[in-house]
1. Can you tell me what percent of all Cα-Cα pairs in region 197-253 are more than 15 Å apart?
2. Find how many whole Å separate the alpha carbon centroid of region 32-68 from the alpha carbon centroid of region 5-19.
3. Report in % the part of the accessible area of region 1-89 that belongs to carbon and sulfur, leaving out ligands and nucleic acids; probe 1.4 Å.
4. Taking 7 Å along the Cα-to-C-beta vector as the label spot, tell me the Leu89-Arg41 distance in nanometres, rounded to one decimal.
5. Write down the accessible area per residue of region 186-248 in Å², having rolled a 1.4 Å probe over the full set of protein chains.
6. I'd like to know how region 135-255 sits against the 2.2 N^0.38 Å rule of thumb: what's its Cα Rg over that expected value?
7. Going highest first, how would you order 84-96, 211-223, 41-53 by mean Cβ packing within 10 Å?
8. Have a look at region 1-146 and give its Rg and Dmax from the Cα atoms, expressed in angstrom.
Amino acid sequence: MTAEADVVKQSDLLNQLVLDRNNMEELGRVDMLWMYPAAHRVLGFICKSGFLGAKKIVFKLPQIQTLGTNSILVHSQPEETDGEKVKQLDSLLNCEVWSDAGNKVGRITDYRFQLKTGEITQYLFVSSGWSGITGDIYQLPPSRIISFGRKRVLVPEGAVKSFELYRPGIKQTLSKARNILKDDYISLVKQAQSLTEQAKERAQAIAEQAKETAQTFTDQLKEETQTFTEQAKTTSQTVAEQVKERTQTVVDQANTGFQSHYPPSQAPTTAEPVVSKPPVSPPPPASTPQPQAATYAFADEEDDPWDFLEEDEPFTPTPSYPETFRKVDTNPRTKTETEDDDDEPWI
């Protein structure tokens, strides 16, 4: 607070540190304010110092240079006084407030005054249960005080209800806090319900999205599987056709190679082979056939190997027959009647 403040409370000055502005020496602490109740004015304050605050000094209100938050700066020397004179000073603090109807209204606990002039603007009193407003602090203008003594202050009954509220008491504060908490509780309940609905809607939306995603994934998987199956089928057919074409090409190349290796008349055919049977020779004729004479030409007659033969006897080669044929005697003998056919050695 500063000296420029218009109105201050008496309680704001109590126990404040008092410093000499010229040398910043500590002079003491504020013990009480010096007031003149008949004029409803503050004249100064009493400062205590020394051991257990036994020393009392008085400062007049104009001596205050600056009123700060933690100290009061004064610019002149105080006047000394004693505790007995201080006790005799009049004050309306702690006086009971009564109405002229005989009702106890409350008790004065503080007052507000102008720092420059010292004029008291309001007395603050705490209600004592009248009208069911226990604990509330109200403002009592000095003009409403009919009379006062050392213990009580009298006010008009009609003016009691017009006193302005300065600060609500505990009961009203609790009631107000209860109403605030009630409103907050209702607001929290509504917010919780809103959040629950939002969470429900969000969960439903997520479930629908998950369902749609799963369906889409299933459709894609089905399409990919079908496409893969068709591709595999097409690939299998292509591979089969390629194998078939490759086989046909190999066969054609093999046939071409065989035909180029063998003459056309000896080329093997793909037809089913015919099993040949050994030829059956006809039986020899009854008479010995006369083979034609073989004529051989030699370069030199002297080298003829057949010179030992007589010219009148031509050489007749003996034909060879398969073992399956009957052997025929080329030099047949005359068969007698006594010889049996069973004894023929050439059969």
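1. Counting pairs separated by more than 15 Å, the tail of P(r) holds 69 percent.
2. For region 5-19 versus region 32-68, the Cα centre distance is 10 Å.
3. 49
4. Those two pseudo-labels are separated by 1.6 nm.
5. Normalised by residue count, the accessible surface of region 186-248 is 93 Å².
6. On the way: Rg = 46.2 Å, N = 121, 2.2 N^0.38 = 13.6 Å.
So region 135-255 has a normalised radius of gyration of 3.40.
7. Details: 84-96: 13.6, 211-223: 10.0, 41-53: 16.3.
Put in order of decreasing packing, that is 41-53, 84-96, 211-223.
8. Using the Cα atoms of region 1-146, the pair Rg, Dmax is 16.6, 56 Å.
The values are calculated or read from the model by the stated rules, or taken from the named source; none is laboratory data. Computed from a predicted model, the values in this text were never measured in an experiment. Cβ: placed from backbone, ideal geometry, glycine included. Neighbour counts: every protein chain shown. Surface accessibility is based on the protein's heavy atoms, side chains included, excluding ligands, DNA and RNA. Shrake-Rupley method; radii C 1.70, N 1.55, O 1.52, S 1.80 Å.
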